[in-house]
Amino acid sequence: MEPLTTDDRAQLARLIVLLLDEWGLAPADQVALLALPDGTRPGSIRQHRQGAAFPADPAVTERIEHLIGIADALRTSYPRNARMGAIWMNTVNHRFDNRTPLAAMLADGLSGVIAVRVQLDCAYDWNLSGSRASLS
């Protein structure tokens, strides 16, 4: 896979910020969820919404990849109602210790993000568990 251009990263930043806005995350929580570098101010989210690219940081890139996977799994789970994804992300779930998926991701960091993706995406869970390797 070719590295993303600055324009691609800027478009991706706009889409991710719109997704997090749709889920109801405040800018400070968006900064935390994306693992943006220390000292990143919540106001910088407005710049990303307007087209500034996210930093080319491996931790940020990993979070973005997982968030895209979560968004895709929500679209697959709720193909007839786009709002259901945001509702699911903000509904208390016993699998996350009676927290919302968003609260789990914010409190638990990357492990929380992965836990939410695993809950939604059985193919990702299957691949992560090593089941795919056992078929070889």
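Nothing in this text is a laboratory measurement; each read-out follows from the coordinates by a stated rule. Everything numeric in this text was worked out from a predicted model, so none of it was measured. Quick reminder, even Gly has a Cβ in these numbers, built from the backbone with ideal geometry, and neighbours come from all protein chains shown.
Structure data summary
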{"item": "For residue 93, distant residues with modelled amide H under 5 Å away", "result": "98, 99, 100"}
{"item": "Listed residues 117, 99, 80, most fluctuating in the chain (Gaussian network, C-alpha, under 10 Å)", "result": "80"}
{"item": "Coordinate range along principal axes, alpha carbons of region 48-127, Å, largest first", "result": "35, 28, 25"}
{"item": "Cα centre as origin, Lys/Arg/Asp/Glu Cβ charges: the chain dipole, Debye", "result": "380"}
{"item": "Neighbour-count order for 15, 67, fewest beta carbons within 10 angstrom listed first", "result": "15, 67"}
{"item": "Nitroxide proxy distance, nm - points 7 Å out along Cα→Cβ at residue 22 and residue 84", "result": "1.4"}
{"item": "Semi-axes of the equivalent ellipsoid for region 1-113, Cα gyration tensor, largest first, Å", "result": "23, 16, 13"}
{"item": "Taking the chain and dividing mean pair separation by its residue count, relative contact order in percent (alpha carbons under 8 Å, at least six apart)", "result": "22"}
